[in-house]
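Read through the structure below, which is laid out as structure tokens, and then see the notes.
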Amino acid sequence: HLQVKCLNQKEPEFELNADSARARHCRACHWELRIVTSMASAPPEHKLLALQCALKLADVGHLSTPPEVHRKWTSKLEAEFFAQGDEERKRGMAISPLMDRHNQTGVSKSQVGFFEIVALPLVKAYVSQFPDAKPLLDGAMSNYNLWHAAAAEGDEKSSRAS
């Protein structure tokens with residue numbers, strides 16, 4: 001019932017607080033309908049690719065969240081990576097990239113690389129086909145800019161220290 005109400009609105013945030021669960025649900029329904037409608041005449045392989053991209057974007061969705069939420073997720077992922085590296089070290093295995101807490105260049109640099117090589121090209125490609133998903137790109141760019149500034153600040157500090 002809420003979905004139908006939301007989809008009938010011209011603007012998904014109509015009379016709703018933008019941060020409320022109901023507003024988020026309405027926006028999601030609105031985007032879902034727009035995507036399904038725009039994909040109706042697409043060849044099956046394009047539909048599959050669009051769904052695969054959407055699934056990957058959902059997997060890295062924290063990249064587009066507000067900075068405080070994104071940093072919490074990044075911290076949790078880093079802890080998970082380091083736990084895996086610790087286990088690999090304990091078993092005498094080669095430690096996977098980004099998983100070695102003793103040989104790490106810093107999360108800000110690895111985040112900048114991840115955004116530049118993986119995340120931003122994916123989000124930009126998706127938004128080019130589904131313009132209503134632009135808030136994902138806006139959020140990702142905001143977080144990328146924060147990591148980029150942190151990495152630059154770290155570089156500046158280390159060059160002053162030498």
ask   = Residues of the range 54-65 being out of contact with any His (no Cβ under 9 Å at 6 or more places or on another chain), open to solvent by less than 50 Å² (accessible area, probe 1.4 Å) and in a helix (DSSP H, G or I), which ones?
value = 54, 57, 61
inquiry  = Could you check the range 123-152 and list, in sequence order, the residues that are touching a residue at least 12 places away in the same chain (Cβ under 8 Å) and open to solvent by 80 Å² or more (accessible area, probe 1.4 Å)?
reply    = 124, 129, 148
key: the range 92-106 residues that are at positive phi, paired with ones that are modelled with pLDDT under 85 and of a type outside the set (Phe, Trp, Tyr) (beta carbon under 7 Å, 6 or more apart)   = 106/154
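In this structure, is residue 82 modelled with pLDDT of 90 or more, of a type outside the set (Val, Ile, Thr) and either over 24 Å from residue 141 (Cα atoms) or in a helix (DSSP H, G or I) (or both)? Show your work before the answer.
Numbers: modelled with pLDDT of 90 or more: yes; of a type outside the set (Val, Ile, Thr): yes; either over 24 Å from residue 141 (Cα atoms) or in a helix (DSSP H, G or I) (or both): yes.
For residue 82, the condition - modelled with pLDDT of 90 or more, of a type outside the set (Val, Ile, Thr) and either over 24 Å from residue 141 (Cα atoms) or in a helix (DSSP H, G or I) (or both) - is met.
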ask   = Which of (1) open to solvent by less than 50 Å² (accessible area, probe 1.4 Å); (2) of a type in the set (Ser, Thr, Tyr); (3) at pLDDT below 90 is the odd one out, the single condition residue 162 does not satisfy?
value = (1)
message = I'm told residue 108 meets every condition in (1) modelled with pLDDT under 90; (2) farther than 18 Å from residue 146 by Cα; (3) touching a Gly at 6+ places or on another chain (Cβ under 8 Å) except one. Can you identify the failing condition by its number?
response = (2)
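From 27, 22, grab the single residue that is part of a helix (DSSP H, G or I), under 30 Å from residue 112 (Cβ atoms), charged (D, E, K, R) and modelled with pLDDT under 65. Full working, then the answer.
Details: 22 fails: under 30 Å from residue 112 (Cβ atoms).
Answer to the selection: 27.
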ask   = Does residue 68 satisfy the condition of being over 20 Å from the mean Cα position of the chain (by Cα), modelled with pLDDT of 65 or more and surrounded by fewer than 10 Cβ atoms within 10 Å (Cβ to Cβ)?
value = no
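Going through 77, 49 one at a time, which residue ends up being over 15 Å from residue 122 (Cα atoms) and either surrounded by 11 or more Cβ atoms within 10 Å (Cβ to Cβ) or touching a residue at least 60 places away in the same chain (Cβ under 8 Å) (or both)? Walk me through it before giving the result.
Details: 49 fails: over 15 Å from residue 122 (Cα atoms).
So the residue among 77, 49 that is over 15 Å from residue 122 (Cα atoms) and either surrounded by 11 or more Cβ atoms within 10 Å (Cβ to Cβ) or touching a residue at least 60 places away in the same chain (Cβ under 8 Å) (or both) is 77.
The values are calculated or read from the model by the stated rules, or taken from the named source; none is laboratory data. This structure is a prediction, so every number in the text was calculated from the model and none was measured. Neighbour counts run over all protein chains shown; Cβ positions are idealised from the backbone, glycine included. Ligands, DNA and RNA are excluded from the accessible area calculation, which covers all protein heavy atoms including side chains. Shrake-Rupley method; radii C 1.70, N 1.55, O 1.52, S 1.80 Å.
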